[in-house]
Amino acid sequence: MSTGIASAAAQLTRPFATVSPRIRTRIPLIVTAVLLAVMFSVGSVRYEGFLSAQVVLNLLIDNGFLLVVAVGATFVILTGGIDLSVGSMVALSTMLTAWLVESHGWPLATVIPLVLLVGAASGTLMGWIIHTFEIQPFIVTLAGMFLARGLCYTISTESITISDPTTAGIAQTRLYGPGGLFVSVPVVIALAVLVIAFVVLHHTRFGRNVYALGGNESSARLMGLPAGSTKIAVYAVSGLCSALGGLLLTFYMLSGYALHAMGMELDAIAATVIGGTLLTGGSGFVLGTALGVLVLGMIQTVVNFQGTLSSWWTRIVIGALLLVFIVLQRLMSGRRPAAD
């Protein structure tokens, strides 16, 4: 009797046990793609003007900066880590850009490499501290979050509006395609980052090291993989993507402000998890992260089209979806044996 109950419980907690690992890792990605298609279909039926390719492109225009930040977060989460500093780094990037361009008259061509260097250097420093002193990533990146947000206020407590012609020109440029459809320059940059990240993760030795480190760090070390340098490198990538995301947000908002990107680190993590990346690391796809970002954007778009709903419904739906996908991840991996 007890054996039968235990067997039923095991079946309940491991419904995908008979599915091959290759297919099992793709289930969240498929679920996210289906969810996105269903949301778009329902919106098209329910709201006039929703069924338009421009609505989809607007998702990229409004969330290009989040896509870049989420791509960087995916590298970190694939190793089993987490980076809570990305939202603050985005805000610091907007402040640095606005302050140097508007208040000091620096050319944008000089400011952009400097901001990217600051982001990459801060990520490298946090990764080095995490690896060298074996401190939990949560603690180190939490300190980085407060540090970056605090540095924003040392620059200015007020919003800095950008009127620089070069920056405004890039921000207002529209790239037109067939049928009058258009995207912005940041969208092109975000898609380029997505393609580069896909190639790096799936077709380079560094990408294989990232997956191996997230699968089992001890095994990766025994296999002779450069676990330390890989761990430092993923945080450098996250910092670099955060700084680039900050630059794209600057083009989107045409301002720098210390309160920009509040909570964006949670949006990036949510998009990564909804896109199918395991929070424990070792499994996930950067293309799934892109789908996760589009799902978040689609929720906001539906709320906007509805018109009568508060924007807080976006957070409520994201929270519910996140909970569902975390449970789905658990069901795919199955409950660990008690001996673990």
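The values are calculated or read from the model by the stated rules, or taken from the named source; none is laboratory data. Every value quoted in this text rests on a predicted model; they were computed, and no experiment measured them. Cβ sites come from the backbone with ideal geometry, for glycine too, and all protein chains shown count toward neighbours. These accessible areas exclude ligands, DNA and RNA; they are computed on the full protein's heavy atoms, side chains included. Shrake-Rupley method; radii C 1.70, N 1.55, O 1.52, S 1.80 Å.
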> Does residue 105 satisfy being open to solvent by 10 Å² or more (accessible area, probe 1.4 Å) and at positive phi?
Replying inline: yes
> Is at least one residue of the range 70-87 more than 25 Å from residue 295 (Cβ to Cβ), β-branched (Val, Ile, Thr) and open to solvent by 30 Å² or more (accessible area, probe 1.4 Å)?
Replying inline: no
> Can you name the condition, by its number, that residue 238 falls short on among (1) farther than 12 Å from residue 68 by Cβ; (2) part of a helix (DSSP H, G or I); (3) in contact with a helix residue (DSSP H, G or I) (Cβ under 6 Å, 6 or more places away or on another chain)?
Replying inline: (1)
> If residue 230 satisfies every condition in (1) open to solvent by less than 30 Å² (accessible area, probe 1.4 Å); (2) free of Cβ contacts under 8 Å to residues at least 12 places away in the same chain but one, which is the exception?
Replying inline: (2)
> Restricting attention to the range 113-140, which residues are farther than 13 Å from residue 232 by Cβ and open to solvent by less than 50 Å² (accessible area, probe 1.4 Å)?
Replying inline: 115, 116, 119
> Residues in the range 265-281: is at least one open to solvent by 10 Å² or more (accessible area, probe 1.4 Å), at pLDDT 95 or above and within 15 Å of residue 69 (Cβ to Cβ)?
Replying inline: no
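Among the listed residues 248, 309, identify the single one that is farther than 15 Å from residue 76 by Cβ and modelled with pLDDT under 90. If you could, list the steps in order and put the result at the bottom.
Values: 248 fails: modelled with pLDDT under 90.
Result of the check over 248, 309: 309.
Just one of 194, 213, 222, 240 is closer than 14 Å to residue 74 by Cα and open to solvent by 40 Å² or more (accessible area, probe 1.4 Å); which is it? Full working, then the answer.
Details: 194 fails: open to solvent by 40 Å² or more (accessible area, probe 1.4 Å); 213 fails: open to solvent by 40 Å² or more (accessible area, probe 1.4 Å); 222 fails: closer than 14 Å to residue 74 by Cα.
After ruling out the rest, the residue left standing is 240.
Would you point out which residue out of 183, 193, 187 is part of a strand (DSSP E or B) and closer than 24 Å to residue 97 by Cα? First the steps, then the outcome.
Values: 193 fails: part of a strand (DSSP E or B); 187 fails: part of a strand (DSSP E or B).
Of the residues listed, the single one that is part of a strand (DSSP E or B) and closer than 24 Å to residue 97 by Cα is 183.
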> Pairs, please: C-beta under 6 Å, at least 6 apart or cross-chain, first residue of a type in the set (A, V, I, L, M, F, W, C) and in the range 289-313, second open to solvent by 40 Å² or more (accessible area, probe 1.4 Å) and outside any helix (DSSP H, G or I)?
Replying inline: 303/309
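Hey, can you tell me all the residues within the range 171-180 that are open to solvent by 30 Å² or more (accessible area, probe 1.4 Å) and either of a type in the set (D, E, K, R) or part of a helix (DSSP H, G or I) (or both)? Give the derivation first.
Step one: list which residues in the range 171-180 are open to solvent by 30 Å² or more (accessible area, probe 1.4 Å), which gives 172-180.
Matches in the range 171-180: 172, 174, 178, 179, 180.
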>> Restricting to the range 200-210, give me the number of residues that are open to solvent by 50 Å² or more (accessible area, probe 1.4 Å) and among the β-branched types (Val, Ile, Thr).
In response: 0
> Can you find a residue in the range 149-168 that is among the hydrophobic types (A, V, I, L, M, F, W, C) and surrounded by fewer than 16 Cβ atoms within 10 Å (Cβ to Cβ)?
Replying inline: yes
> Pick from the range 1-33 the residues that are open to solvent by 80 Å² or more (accessible area, probe 1.4 Å) and among the aliphatic types (A, V, I, L, M): which of them is modelled with the lowest pLDDT?
Replying inline: 1
> Restricting the first residue to the range 26-43 and requiring it to be under 16 Å from residue 328 (Cβ atoms), which pairs with a second residue that is part of a helix (DSSP H, G or I) and among the polar types (S, T, N, Q) meet a Cβ separation below 8 Å and a spacing of at least six or different chains?
Replying inline: 28/329
